[in-house]
Structures are given as C-alpha cells and as structure tokens.
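**Q** What follows is a single structure, and I will ask about it in a moment.
Bear in mind that the values in this text are calculations on the coordinates, not laboratory data. Everything numeric here is computed off the predicted structure, so don't read it as measured data. Ideal geometry is used to build each Cβ from the backbone, glycine not excepted, and the neighbour counts take in all protein chains shown.
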Amino acid sequence: MPTIRIRGMTCQHCVMAVTKALAAVEGVTDVRVDLEAGTATYEESAPVDPAIVREVIEKAGYDVE
Ligand SMILES: [Cu+2]
C-alpha cells in the first residue's frame, strides 16, 4: 500500500480535500489520510501512476514531499 507524505494539511477540511482528490484517481481505493503524521495511504485496485497522485494533490492545494 503506497504511503505519501503531504505538506500543508492543517485541519479536517484539508483531510477531506486530500481524501476526495485521491479517491477520484482511477485505481485508488481505501484512502486514509493522517493529519498529524502528514501522510496518506491508499490501496490500488489497478496500477496507479504516482505522477498522477502527485498532480491531483498539488491541484488540491497541497505539496507532496
Ligand atoms: Cu484545512
């Protein structure tokens, strides 16, 4: 299960925004965002391009480390 580090999340609203952005990516399921750790994990039902994951998170307004 991929884990990514995300910068810029400060509250539950950020968690929801990142969760929604990730869940919308084809092949991504079971998104879990940890606000305190600044991480997100997900399962893959099909191969997911990490570049697309980075792109949607950045579009949502956060930075991927
Ligand atoms: Cu927030």
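**Q** Among the numbered criteria (1) without any contact (Cβ under 8 Å) to a residue 12 or more places away in the chain; (2) within 16 Å of the ligand (Cβ to nearest atom), which single criterion is violated by D63?
**A** Here D63 clears every test but (1).
So that you can scan it fast, the table gives a plain yes or no per residue for (1) in contact with a His (Cβ under 7 Å, 6 or more places away or on another chain); (2) over 15 Å from V64 (Cα atoms); (3) within 13 Å of the ligand (Cβ to nearest atom):
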position: I6; (1), (2), (3): no, no, yes
position: Q12; (1), (2), (3): no, yes, yes
position: V18; (1), (2), (3): no, no, yes
position: A24; (1), (2), (3): no, yes, no
position: V28; (1), (2), (3): no, yes, no
position: L35; (1), (2), (3): no, no, yes
position: G38; (1), (2), (3): no, no, yes
position: E43; (1), (2), (3): no, yes, no
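**Q** Looking at T10 and the list (1) loosely packed, with under 13 Cβ neighbours inside 10 Å; (2) in contact (Cβ under 8 Å) with a residue 40 or more places away in the chain; (3) in contact with a Leu (Cβ under 9 Å, 6 or more places away or on another chain), which single condition is not satisfied?
**A** T10 satisfies all of (1) loosely packed, with under 13 Cβ neighbours inside 10 Å; (2) in contact (Cβ under 8 Å) with a residue 40 or more places away in the chain; (3) in contact with a Leu (Cβ under 9 Å, 6 or more places away or on another chain) except (2).
So that you can scan it fast, the table gives a plain yes or no per residue for (1) assigned to a loop (DSSP other than H, G, I, E, B); (2) among the small types (G, A, S); (3) surrounded by 14 or more Cβ atoms within 10 Å (Cβ to Cβ):
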| residue | (1), (2), (3) |
| --- | --- |
| R5 | no, no, no |
| V15 | no, no, yes |
| T19 | no, no, yes |
| E26 | yes, no, no |
| T29 | no, no, no |
| A37 | yes, yes, no |
| V48 | yes, no, yes |
